[in-house]
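**Student:** Have a look at this one before I ask anything.
Values in this text are rule-based calculations from the coordinates and carry no lab data. The structure presented is a predicted model; accordingly, all values stated were derived computationally and were not measured. Here Cβ is always computed from backbone atoms with ideal geometry, including for glycine, and neighbour counts include all displayed protein chains.
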Amino acid sequence: MFKKSFLALITIMLIFSLTSCSPGKRTSSGSNTVNPQESSSGTSTEAVPTDFEMLPYISGSVAVLKLDAAADGSTQQLKAGQVMSISLGSNPSTGYSWYATSSNPAILVQMGEPEFQEPTASATTIVGAPGTAILFFQAVKAGSATIRLEYKRGWEKDVAAEKTITITVEVK
């Protein structure tokens, strides 16, 4: 009896959570949104922010500029609204991660957390194997910003980063 009641409760919670996540007639009250548009059925759709594109792992490959560690010390060009990605070797099992700092977040902003890709050398995942961290940045408006990427352990405050990469981005 307890098992059936528990399963019924879980099912109801799942259905409720799925229905509350579906797009409906919700709109954002923020000033950085596109006005809801009427669909052919006459209902309004959810407002979409205009400042940032959808995150790359949601909307697919949106990066127009794809960089790696070889871009260290370089100056790159982007247009406002464009996205760039930086792919860097990483092994989170060692405690090390890439941390990014933009000198001017009003010009260039990081989009979400770094995405980790497992190594593709074998068909099965190898626990503890190094992979690739991909960081995404979006150009917001014209200007210049410098990104400083540090490969370090987040809890070690008085220890120098294992690796440091600096990239200047000019937004037109």
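**Student:** Where does each of PHE6, PHE136 land when they are ranked from fewest to most other beta-carbon atoms within 10 angstrom?
**Tutor:** Fewest-to-most Cβ neighbours within 10 Å comes out as PHE6, PHE136.
**Student:** What ³J(HN,Hα) values, in whole Hz, does the Karplus curve 6.51 cos²θ - 1.76 cosθ + 1.60 give for the stretch 74-84 when θ = phi - 60°, with x put for Gly and Pro?
**Tutor:** Working through the residues one at a time gives 8, 10, 10, 10, 9, 9, 4, x, 7, 10, 10 Hz.
**Student:** May I pose another question? P(r) tail for the stretch 56-171, what percent of Cα pairs lie past 25 Å?
**Tutor:** 24
**Student:** Next up: What is the spin-label model distance, in nm, from GLU156 to GLU170 if the labels are put 7 Å beyond Cα along the C-beta direction?
**Tutor:** Simple spin-label model gives 3.7 nm for this pair.
**Student:** Starting from the Cα-Cα distance between GLN77 and GLN117, subtract it from 0.36 nm times their residue separation and give me the gain in nm to one decimal.
**Tutor:** 11.8 nm
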